[in-house]
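S.K.: Dropping a structure here in structure tokens format, bear with me for questions.
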Amino acid sequence: MSRRSADWASLVAGLLFVLLGLAFVVSGTTAWEVNVLWVLPVLAIGLGLVGVVRALVRSRDRPDRRSS
């Protein structure tokens, strides 16, 4: 079997969803409140940043075709 490299973008996106779920669990069991109006924008910004970083990393790792 060959080793594959980690997909960091998927890992970060998964962690965002886990943290969001934990925030809802904590808000349901304590007096701490989660404002639902902030959830989607924060999630969209987080996933957008992950996408931009992933695109930048992949473009840097790709060999330059002009050097051939």
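S.K.: Which residue pairs have Cβ atoms under 8 Å apart, sit 6 or more places apart or on different chains, and have a first residue in region 18-40 that is among the acidic types (D, E) and a second that is part of a helix (DSSP H, G or I) and exposed (fewer than 10 other Cβ atoms within 10 Å of the Cβ)?
M.R.: none
S.K.: If you don't mind, there's one more thing I want to ask. Which of the residues that make up region 29-39 are surrounded by 10 or more Cβ atoms within 10 Å (Cβ to Cβ) and in a helix (DSSP H, G or I)?
M.R.: Result: V39, single match.
S.K.: Continuing with the same structure: Among the numbered conditions (1) at pLDDT below 80; (2) in a helix (DSSP H, G or I); (3) out of contact with any Leu (no Cβ under 8 Å at 6 or more places or on another chain), tell me where R4 comes up short.
M.R.: For R4, the failing item is (2).
The values are calculated or read from the model by the stated rules, or taken from the named source; none is laboratory data. This structure is a prediction, so every number in the text was calculated from the model and none was measured. Glycine also receives a Cβ, built like all others from the backbone with ideal geometry; neighbour counts cover every protein chain displayed.
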